[in-house]
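Enquirer: Have a look at this one.
We did not get these values from a lab; they are worked out from the coordinates using the rules stated. It should be emphasised that the depicted structure is a prediction, and the values quoted were computed from it without experimental measurement. Note that we place each Cβ from the backbone using ideal geometry, even for glycine, and neighbour counts take in every protein chain shown.
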Amino acid sequence: MRLLFNDTPTTPYGYYSRSNKALIMNISTGGGTLVHEIVHPFVEANFPACPAWLNEGLGSLYEQCGEENGHIHGYVNWRLPGLQKAIKAGEVGSFKQLMAMNPTEFYGDSQGVNYAQARYLLYYLQQKGLLVKFYKQFLANQKTDPSGYETLKSVLGQTDMQQFQRNWQKFVLELTKEFELRLAN
Ligand SMILES: [Zn+2]
């Protein structure tokens, strides 16, 4: 969340304070927020130059999570309906744009869609068995590809990213909120 970059609380749910090395949160909003905020210090420690989209995408992916085969696994969650609506309305930009956003852009007016787009890109990679590979390659390539966009193309084996966007949008539109039956916590 934005508090990785600026220490002013902007959400009623919680945030990670780097200067205080503390997680500050309102746990009455549920375990998902707790997990989301716990992801940030781990990402920051592991990947200091992590762009906003990846940091928030991972935080958001694990808001709704459980364990599958001994590994943490994100499930479809409450961010889906808003993303589906934005896709239908043509309000979701390209991955190239999303991934190149600086924090000011990412946390700007369209942050709700940005969080959801980032989350469901990572969810897609997870479902295709590519998430771990993508994260490792992104980390290794971050100097030459700081946004992760070229790494994404490479991991997807995709040169036509407009085609990928159509495939991804179709994938997202076909997801359902069955997550409600699979709550892990
Ligand atoms: Zn966050």
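Enquirer: If you average the sequence gap of Cα pairs under 8 Å that are 6 or more apart and divide by the length of the range 91-154, what percent do you get for the contact order?
Expert: 32
Enquirer: Then there is this: Give me, ordered by chain and number, the residues 5 or more places off residue 65 or on other chains with an amide H under 5 Å from its own placed amide H.
Expert: Counting only residues 5 or more places away or on other chains, the set is 75, 184.
Enquirer: How much FRET efficiency would the formula 1/(1 + (r/R0)^6) give for residue 85 and residue 127, where r is the Cβ-Cβ distance and R0 is 25 Å, rounded to 0.05?
Expert: 0.75
Enquirer: Just to confirm a number: summing +1 for Lys and Arg and -1 for Asp and Glu over residues other than residue 39 whose beta-carbon lies under 10 angstrom from that of residue 39, what do you get?
Expert: Charge balance in the 10 Å sphere: -4.
Enquirer: Counting Lys +1, Arg +1, Asp -1, Glu -1, what net charge surrounds residue 167 among other residues with beta carbon under 12 Å of its beta carbon?
Expert: Local charge sum for residue 167: +1.
Enquirer: Compute the Cα gyration tensor for the range 47-164, then decide on rounded, prolate or oblate, letting a ≥ b ≥ c be the square roots of its eigenvalues: rounded whenever a/c is under 1.5, prolate when a/b is larger than b/c in the other cases, and oblate in all that remain.
Expert: It comes out rounded by the Cα gyration axes.
Enquirer: Which stretch or stretches of the range 112-146 have amide N atoms under 12 Å from the point lying 7 Å from residue 94's Cα along the Cα→Cβ direction?
Expert: Zone members listed by number: none at all.
Enquirer: Only Cα pairs under 8 Å and at least 6 apart count here; give the relative contact order of the range 27-172 as a rounded whole percent.
Expert: Relative contact order comes out at 24 percent.
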